[in-house]
Amino acid sequence: MKRAIVLALSVILALVVAAPTVLAQDEGSPNGVPPEAVSEEPFVLPARDPNVPSTDPASVGCDFPVLYEPSGKGKAIFLPDGGFIFTSPGLYVTVTNFTNEVRGESLTYNVTGSIHGTPRPDDPNVVDYVITGRNLASDPAGLFLNIGRFTYTLRLDPVTGQVIEIVEPQQGKGQAIDVCALLS
C-alpha cells in the first residue's frame, strides 16, 4: 500500500492521484483559489523490491527506504474531462536515506514543476502524465530530480485511485539527477 502511494512518482503526484476528479463539476470547486500550504504528512517509501517485474509498484525507488517531507504550496486544478493539472509554486521536498530507522544523508529539493494527468478515453483508469519543470519522480530505475519534460503512464485502482501498474515508465528530455546515488 505504501509503495503505491510513492509510485505516484513524487510527493506532488501523491497529493493528486487520490483526489477525486469529480470535483471539477461540483459547485465550490477548488479551481478558483490560489495554491495552499501542502498538508501531506511525511512518509517513507520502502526500499524497492528487485524480485518483482518493473510494472509492479513495488519495483520503484532506491535500494533503501527514503523519508519524504514536503513543505510549501501546491494546488490541483481539476478539468472537465477528468484530467488535472498540479502546480506547486514554492514546494520543497526533503528526502532522507532512512536505512534501519536511522536517518542518514538528507537533501532538500525545490520541486516547483507541474504535473498534467489525462485519463485515456478508452480506459479512464489508465492515466497519461506529463511532468514539466522540476519534479521528484520514482520509477524502477530509482528516484530522480527531473528538470525538463518527462512522460509516464500508470493504471490506477478505480475505487482508491492508488497505482496498481506502471504501463509506461518515465522517459523524456531534460536532466535526470539520480537522488538514490546522492543519498547513498
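The values are calculated or read from the model by the stated rules, or taken from the named source; none is laboratory data. Predicted, not measured: the structure shown is a model, and the values here were computed from it. Backbone-built Cβ (ideal geometry, glycine too); neighbour counts: all protein chains shown.
Okay, here's what the table says:
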| quantity | calculated |
| --- | --- |
| Number of the condition not met by Gln25 [criteria: (1) farther than 16 Å from Leu145 by Cβ; (2) at pLDDT 85 or above] | (2) |
| Odd one out for Gly74 among (1) among the small types (Gly, Ala, Ser); (2) out of contact with any Leu (no Cβ under 7 Å at 6 or more places or on another chain); (3) at pLDDT 85 or above | (2) |
| Pairs with Cβ under 6 Å, 6+ apart, first in segment 65-83 and within 26 Å of Pro121 (Cβ to Cβ), second of a type in the set (Ser, Thr, Tyr) and part of a strand (DSSP E or B) | Lys75/Thr87; Gly83/Thr118 |
| Meets criteria (in contact (Cβ under 8 Å) with a residue 12 or more places away in the chain, outside any strand (DSSP E or B) and over 15 Å from the mean Cα position of the chain (by Cα)) for Gly174 | no |
| Top-ranked residue of segment 153-184 - restricted to ones that are farther than 18 Å from Tyr68 by Cβ and of a type in the set (Ser, Thr, Tyr), ranked as surrounded by the fewest Cβ atoms within 10 Å (Cβ to Cβ) | Thr160 |
| Matching option when the condition is part of a strand (DSSP E or B) and exposed (fewer than 14 other Cβ atoms within 10 Å of the Cβ), among Thr96, Thr108 | Thr108 |
| Tally of residues being assigned to a loop (DSSP other than H, G, I, E, B), exposed (fewer than 15 other Cβ atoms within 10 Å of the Cβ) and of a type in the set (A, V, I, L, M, F, W, C) across segment 33-76 | 2 |
| Selected residue (only one of Asn31, Asn51 is at pLDDT 90 or above and either polar (S, T, N, Q) or at positive phi (or both)) | Asn51 |
| Residues of segment 139-148 satisfying the condition of being part of a strand (DSSP E or B) and either farther than 14 Å from Ser54 by Cα or of a type outside the set (Gly, Ala, Ser) (or both) | Asp139, Leu143, Phe144, Leu145, Asn146, Ile147, Gly148 |
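For (1) closer than 21 Å to Gly83 by Cβ; (2) touching a residue at least 40 places away in the same chain (Cβ under 8 Å); (3) part of a strand (DSSP E or B), each residue gets a yes or a no:
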{"position": "Gly117", "(1), (2), (3)": "yes, yes, yes"}
{"position": "Asn125", "(1), (2), (3)": "yes, no, yes"}
{"position": "Phe150", "(1), (2), (3)": "yes, no, yes"}
{"position": "Val159", "(1), (2), (3)": "yes, no, no"}
{"position": "Glu165", "(1), (2), (3)": "yes, yes, yes"}
